[in-house]
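Below is one structure; the comments refer to it alone.
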Amino acid sequence: MEQHCKDVISCPVGKTDCPLIAEIERLKEQYEHLKKEYDRVAALSQCDPLTGIFNFQYLQVSLEREMERTRRTGFPLAVIMIDLDYFKKINDTYGHQAGNAALRWVSRLWRDSIRVNDILCRYGGEEFTLILPATSLRKAVLTAHRLRTILADAGFEFDGREIRLTASFGVEVYKATDKFDADEFIKRADKYLLEAKTKGRNCVCSQQDEGTDAGSEVLPEERAALFITRWQISG
């Protein structure tokens, strides 16, 4: 299309080396540069600069979008609130550089352990939120247990020293018939996270799943709509 437009442009005064065409080419190159810069800034605005995963702002937008999708399709939506246990001790013992390195490491560990349509965000500090589209409570709880085990079994090394990390998990699910909003959804999951911390940490808490698992799988046409772009973690 661009090549066609260029072909039909002719110099109004019939010059072979037309300054008008040269100016159009210059503006075209400038436009392409600005578009790339816009896309770069837009991507950064969705990312947490420390960990490279999605940030709190993207969490808010994504949660609203996925809740609307649940109301439209009937697929359940799960949210997992996660808090790294005793994280302040890492900063106090090894320094904030170790703490930052640990956050990057944990983000990469979990990002590589979830589905492509799942949305991992940094909620703030050492807290994370995982959005699981088209996922029942039972499967979300199993996912939380798997992530908990992966973290507990993996050893994070910093300056030649191994630092053991664990996390607490709170799981909640949203169904098409539910009436609460995104803020309440997060509060409900956070309540179970607090329960997990109260019970001694390094565990998963949720409500009893009284429903069935029917309808929790992603259909092919829905899977295509659920795919999202991941921002790669640097370092």
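A few comments on the model shown:
- Protection proxy ranking, peptides 72-79, 61-68, average beta carbon neighbours within 10 Å, highest first: 72-79, 61-68
- The label point for Glu184 and the one for Thr166, both projected 7 Å from the Cα toward the Cβ, are 3.4 nm apart.
- Value of D in µm² per second that Stokes-Einstein yields for the stretch 53-226, Kirkwood Rh from Cα pairs, at 37 °C (0.692 mPa s): 199 µm²/s
- Cβ-derived FRET efficiency at R0 22 Å, Gln57 paired with Lys89, nearest 0.05: 0.15
- For the stretch 53-226, DSSP calls about 85 percent of its internal beta bridges antiparallel.
- If R0 is 41 Å, the Cβ-Cβ spacing of Glu25 and Arg65 corresponds to a FRET efficiency of close to 0.55.
- Amide hydrogen proximity for Phe156: with H placed 1.01 Å from N in the peptide plane, the residues at 5 or more positions away or on another chain lying under 5 Å are Ile163, Leu165.
- Listed cross-link partners Lys89/Lys197; Lys139/Lys175; Lys139/Lys197 are compared with a 19 Å cut-off, the Cα-Cα value being larger for Lys139/Lys197.
- Sorted peptide list for 185-194, 133-142, criterion being average Cβ within 10 angstrom, highest first: 133-142, 185-194
Every number here is computed from the coordinates shown, using simple stated rules; none is lab data. Keep in mind that what you see is a predicted model, and the values were worked out from it rather than measured. Reconstructed Cβ throughout: ideal geometry from the backbone, glycine too, with neighbour counts over all protein chains shown.
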